[in-house]
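Written out below as structure tokens is the structure these notes cover.
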Amino acid sequence: MIDLKQNTLLREIPNNLLQDEKVKNLAKTLQTSLDQMRDWAYKINYTLHLDKLDDAVIDHLLWEKHIGWNEGLSLATTRQQKINLIQTAINTHRRKGTPAAIEQVLEALNLPGDVIEWFQYEGEPFHFKVEVTTTNITSKTLLLIRQLVNEYKNTRSWLDFVAVKLPKNEYIEIESSKSHYPVYLPVCGEIYCEGVPGAGTKKSIEIESKNYTYPVYMPICGEIFASEVIDTW
């Protein structure tokens, strides 16, 4: 890659021409104007100083970089996450349709995840799953992650499910048509929030139909599959 700050006309002109003093002096004179234009180019390159920009400018740059609602904006809850999306926009759009693009945009959103393809877990051909490590996940966040993955995936590939890995003693909110209140499930180990990822001890959940005005906590230790809960997505 060419570094404009170090590249000069004197470096580009052949040595035999530089033996002519007129050519050499002309190159030095032109270089002064080129250096001024280069300095202005760096000043107007907002991406070099994103941390110093106003929020309104950050939002405009997201639009300029084609970061739409399903391309990460819906999950960007902090200023730093928006900056991360801007910084990685060129690479993620260039790699769109590949597992690398999905993993990179999830990383930018502080949702580190892995794309696992069908031949890695005995799935159907051209199917894949995504495993994300996060905390305090909600069913709405899961829906947004699924929309994000569908935006960046290959059009011929099919997403089976999004599996969320939660650290010990974290909670996940489960919505159910059988309840009128949020239900939080404390988890010891891993929890898969969608689909059936494969082997594992399934825990059935029976939610009573009562209208509580406070969160209900249900102790779960091991793995739980949300497909066993009638949700309202």
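We did not get these values from a lab; they are worked out from the coordinates using the rules stated. Quantities reported herein were computed from a predicted structural model and do not represent experimental measurements. Cβ atoms come from the backbone with ideal geometry, glycine included; neighbour counts cover every protein chain shown.
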note = Placing each pseudo-label 7 Å from Cα in the direction of the beta carbon, E107 and F119 end up separated by a distance in nanometres of 2.4 nm
query = Roughly what would the spin-label model give for N154 and D55, points 7 Å off Cα along C-beta, in nm?
reply = 4.1 nm
request  = Tell me the label-point distance for the pair L17, T138, using the 7 Å Cα-to-Cβ offset, in nm and rounded to one decimal.
outcome  = 6.4 nm
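Would you mind checking K52/K129; K96/K165; K65/K140; K52/K165; K52/K96; K65/K165 for any pair whose Cα atoms are more than 32 angstrom apart?
Numbers: K52/K129 38 Å; K96/K165 25 Å; K65/K140 25 Å; K52/K165 34 Å; K52/K96 29 Å; K65/K165 30 Å.
In this structure, K52/K129; K52/K165 exceed 32 Å between Cα atoms.
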query = To the nearest 20 debye, what is the magnitude of the charge dipole of the stretch 12-106 about its Cα centre, counting +1 on the Cβ of each Lys and Arg and -1 on the Cβ of each Asp and Glu?
reply = 140 debye
query = Of W118, W69, how do they rank once you tally other Cβ atoms within 10 Å and put the fewest first?
reply = W69, W118
request  = Please report, in debye to the nearest 20, how large the charge dipole of the stretch 59-135 is about its Cα centre when each Lys and Arg carries +1 at its beta carbon and each Asp and Glu carries -1 there.
outcome  = 380 debye
message = If Rh is defined by the Kirkwood formula over all Cα pairs and Rg also comes from Cα, what ratio Rg/Rh do you get for the stretch 15-142?
response = 1.24
